[in-house]
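The values are calculated or read from the model by the stated rules, or taken from the named source; none is laboratory data. All of these numbers come straight from a predicted model, not from anything done at the bench. Glycine gets a Cβ as well: all are built from the backbone with ideal geometry, and neighbour counts include every protein chain shown.
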Amino acid sequence: MTLATPVLHTARLRLRPFTDAEAEPLFALHSSTHVMRYWDSPPWTERTRAERFIAMCRKMADEGTGARVAIDRASDGAFVGWCGLTGWDPDYRSASLGYVFDEASWGHGYATEAAHALLVWAFDTLDLNRVQAETDTRNVASARVLEKIGFMREGTLREDCVVNGEVSDSWVFGLIRREWQPSAVPVPPGEVRR
């Protein structure tokens, strides 16, 4: 069963399927030691990793196991990162959320805005009951993003990863349908809700 990767629009972002044109900015994103410092795998050193990532996004859609979207800033079309739901299980109605944004876009609310938009689509389209996410316990900014969109911290996986040679813990977050509030759209920094 295939799963069409969505095209979604928010006030400031466009979420869409990856194209081959994203290989270069995707490689730049994943080869940054600073951006990837809390990721559970080392920064990329070969551009072919970006090409394989894009191919995997297509395969995931073809197999119906999830969706990863490239994220562009609406104002200028610049690629700022990606967000995805993987491991979609229609029987358990569950999936896992992940995202990576370039350093220049940190602190602007883009991760919150994009993840919220993808969750609206996923709860409606995939009929999810539960979405799970994990973040390194040192990555408090990512934990804040998850909490802003309704995730609850459920526990700690002790020493579950080795990040840049350091053993690290991860927080597990969960969001279940009965607690999901799609109308609670996050307000981008500097904007006032009317």
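Side notes on the structure shown:
- Selection from segment 46-68 of residues that are among the polar types (S, T, N, Q) and closer than 17 Å to Asp102 by Cα: none
- Summed over segment 21-44, residues that are at pLDDT 95 or above and loosely packed, with under 12 Cβ neighbours inside 10 Å total 0.
- Taking the criterion of being assigned to a loop (DSSP other than H, G, I, E, B) and of a type in the set (D, E, K, R), the only residue of segment 59-86 that qualifies is Asp76.
- Taken over segment 19-49, the criterion of being more than 16 Å from the chain's Cα centre (by Cα), within 14 Å of Gly81 (Cβ to Cβ) and of a type in the set (A, V, I, L, M) is satisfied by Ala28 alone.
- Residue check, Thr5 more than 16 Å from Gly84 (Cα to Cα), polar (S, T, N, Q) and not in a helix (DSSP H, G or I): no
- Scope segment 37-59; condition under 27 Å from Ser94 (Cβ atoms), free of Cβ contacts under 8 Å to residues at least 40 places away in the same chain and not β-branched (Val, Ile, Thr); matching residues: Ser41, Arg52, Phe53, Ala55, Met56, Lys59
- Checking segment 64-74 against the condition returns no match, with no residue being of a type in the set (Val, Ile, Thr) and out of contact with any strand residue (DSSP E or B) (no Cβ under 9 Å at 6 or more places or on another chain).
- For the condition surrounded by fewer than 19 Cβ atoms within 10 Å (Cβ to Cβ), over 21 Å from Val35 (Cα atoms) and of a type in the set (S, T, N, Q), Thr125 qualifies.
- Candidate set: segment 129-173, residues that are in a strand (DSSP E or B) and among the polar types (S, T, N, Q); chosen: the one farthest from Leu97 (Cα to Cα): Ser168
- Just so you know, in segment 150-194 the residues that are polar (S, T, N, Q) and modelled with pLDDT of 80 or more include one that is surrounded by the fewest Cβ atoms within 10 Å (Cβ to Cβ), and it is Gln181.
- Residue-level check: of (1) under 21 Å from Leu85 (Cβ atoms); (2) surrounded by 15 or more Cβ atoms within 10 Å (Cβ to Cβ), Asp62 misses just (2).
- Scanning segment 8-32 for residues that are without any contact (Cβ under 8 Å) to a residue 60 or more places away in the chain and assigned to a loop (DSSP other than H, G, I, E, B) returns Pro17, Thr19, Ser31.
- Considering only residues in segment 87-118 that are polar (S, T, N, Q) and not in a helix (DSSP H, G or I), the one that is surrounded by the fewest Cβ atoms within 10 Å (Cβ to Cβ) turns out to be Ser96.
- The condition (being among the β-branched types (Val, Ile, Thr), without any contact (Cβ under 8 Å) to a residue 24 or more places away in the chain and farther than 21 Å from Arg68 by Cα) is satisfied by just one residue among Val163, Val140: Val140.
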